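Inspection log for the structure reproduced underneath, given as structure tokens.
The values are calculated or read from the model by the stated rules, or taken from the named source; none is laboratory data. Being a predicted model, the structure only gives us computed values, none of them experimental. Cβ placement follows ideal geometry from the backbone for every residue including glycine, while neighbour counts extend to all protein chains displayed. Ligands, DNA and RNA are stripped out before the accessible areas are found, and what is left, the full protein with its side chains, is counted by its heavy atoms. Shrake-Rupley method; radii C 1.70, N 1.55, O 1.52, S 1.80 Å.
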Amino acid sequence: MSGKVVIIGGNKRAGKTTISLKLQKEYQFNYYNFDMLLDSLEESLPILNDKDDKKYISLLESMVKRSLIDAENYGINFVYEYIFTPEELANFKYRDCVQIIFLANLDANLENIEGDLKKYSKEYDWPSFVNEDDLNRNIRWILNRNEELIDECSKYCFPLINTSRGDERDRIIDNVINNLLEGKYENNSISKQ
């Protein structure tokens with residue numbers, strides 16, 4: 001039985017880590033958090049800290065290539081998560097061999113986003129310890145990124161899943177996990193949540 005390779009991109013605080021950790025804990029996926037990986041690379045090799053994360057797509061391709069071999073030969077499952085964009089993955093070398101999805105809380109707006117950022121964050125997550133200016137900068141970034149994700153997912157034919165907010169969010173996240181396990185996003189087919 002062949003394993004699965006999943007890439008989860010999208011917006012901040014949209015559930016990427018929640019889904020990845022559930023896949024790791026409940027279904028034994030090997031989990032690669034690109035935030036941690038890239039921060040570690042840039043800290044240990046300062047020359048890489050040029051604020052251009054597009055250069056890391058080749059690193060992702062190399063890692064996915066090896067993951068696909070292990071998935072095929074040993075049935076091992078893998079999940080990669082980061083704030084990847086559809087444009088960054090549009091020409092991804094292994095696009096047709098993996099499941100790629102994008103997440104965003106498309107119900108976020110100026111009235112509810114600050115409360116949601118705090119609600120869906122742990123005490124060690126950035127919304128819990130940034131100052132008001134940084135929080136407002138991130139709020140604007142998230143709302144703008146939502147619009148970019150809508151446009152880019154449509155343009156590059158990737159599934160964009162609205163992880164929403166409130167009680168609906170848990171149901172949607174569980175549904176996304178089930179769809180990933182069933183391979184419903186293979187070949188980047190779009191299925192309704």
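Out of all the residues in segment 39-47, is one or more farther than 14 Å from Tyr82 by Cα, at pLDDT 95 or above and among the acidic types (Asp, Glu)?
Scanning segment 39-47 turns up no residue that is farther than 14 Å from Tyr82 by Cα, at pLDDT 95 or above and among the acidic types (Asp, Glu).
Of all residues being more than 19 Å from the chain's Cα centre (by Cα) and open to solvent by less than 100 Å² (accessible area, probe 1.4 Å) in segment 115-130, which is farthest from Lys16 (Cα to Cα)? Just the residue, please.
Val130
Of everything in segment 83-129 that's touching a Pro at 6+ places or on another chain (Cβ under 9 Å) and free of Cβ contacts under 8 Å to residues at least 60 places away in the same chain, which residue is nearest to Arg145 (Cα to Cα)?
Checked segment 83-129; the qualifying residue nearest to Arg145 (Cα to Cα) is Glu114.
Can you tell me which condition Asp107 does not meet? The list is (1) open to solvent by 10 Å² or more (accessible area, probe 1.4 Å); (2) at pLDDT 90 or above; (3) out of contact with any Gly (no Cβ under 9 Å at 6 or more places or on another chain); (4) not aromatic (Phe, Trp, Tyr), and all the others hold.
(3)
Out of the residues in segment 48-59 that are basic (Lys, Arg) and either open to solvent by 80 Å² or more (accessible area, probe 1.4 Å) or under 18 Å from Phe102 (Cβ atoms) (or both), which is modelled with the lowest pLDDT?
So the first thing to find is which residues in segment 48-59 are basic (Lys, Arg), and the list is 51, 54-55.
Of the ones still in play, those that are also either open to solvent by 80 Å² or more (accessible area, probe 1.4 Å) or under 18 Å from Phe102 (Cβ atoms) (or both) are 51, 54.
On the way: Lys51: 70, Lys54: 74.
That would be Lys51.
May I ask you to list the residues in segment 60-104 that are hydroxyl-bearing (Ser, Thr, Tyr) and open to solvent by 10 Å² or more (accessible area, probe 1.4 Å)?
Within segment 60-104, Ser62, Tyr74, Tyr82, Thr85, Tyr94 meet the criteria.
Please give the number of the condition Tyr80 fails out of (1) assigned to a loop (DSSP other than H, G, I, E, B); (2) touching a residue at least 24 places away in the same chain (Cβ under 8 Å).
Going through (1) assigned to a loop (DSSP other than H, G, I, E, B); (2) touching a residue at least 24 places away in the same chain (Cβ under 8 Å) one by one, Tyr80 breaks only (1).
Given Asn112, Asn138, Asn179, Asn146, which one is in contact with a strand residue (DSSP E or B) (Cβ under 7 Å, 6 or more places away or on another chain) and among the polar types (S, T, N, Q)?
Numbers: Asn112 fails: in contact with a strand residue (DSSP E or B) (Cβ under 7 Å, 6 or more places away or on another chain); Asn138 fails: in contact with a strand residue (DSSP E or B) (Cβ under 7 Å, 6 or more places away or on another chain); Asn179 fails: in contact with a strand residue (DSSP E or B) (Cβ under 7 Å, 6 or more places away or on another chain).
None of the other options fit; the residue is Asn146.
Search segment 10-29 for residues being among the basic types (Lys, Arg) and within 12 Å of Ile173 (Cβ to Cβ), and hand back the single one that is least open to solvent (accessible area, probe 1.4 Å).
First, pick out the residues of segment 10-29 that are among the basic types (Lys, Arg): 12-13, 16, 22, 25.
Those still in the list that are within 12 Å of Ile173 (Cβ to Cβ) too: 16, 22.
Details: Lys16: 17, Lys22: 62 Å².
Result: Lys16.
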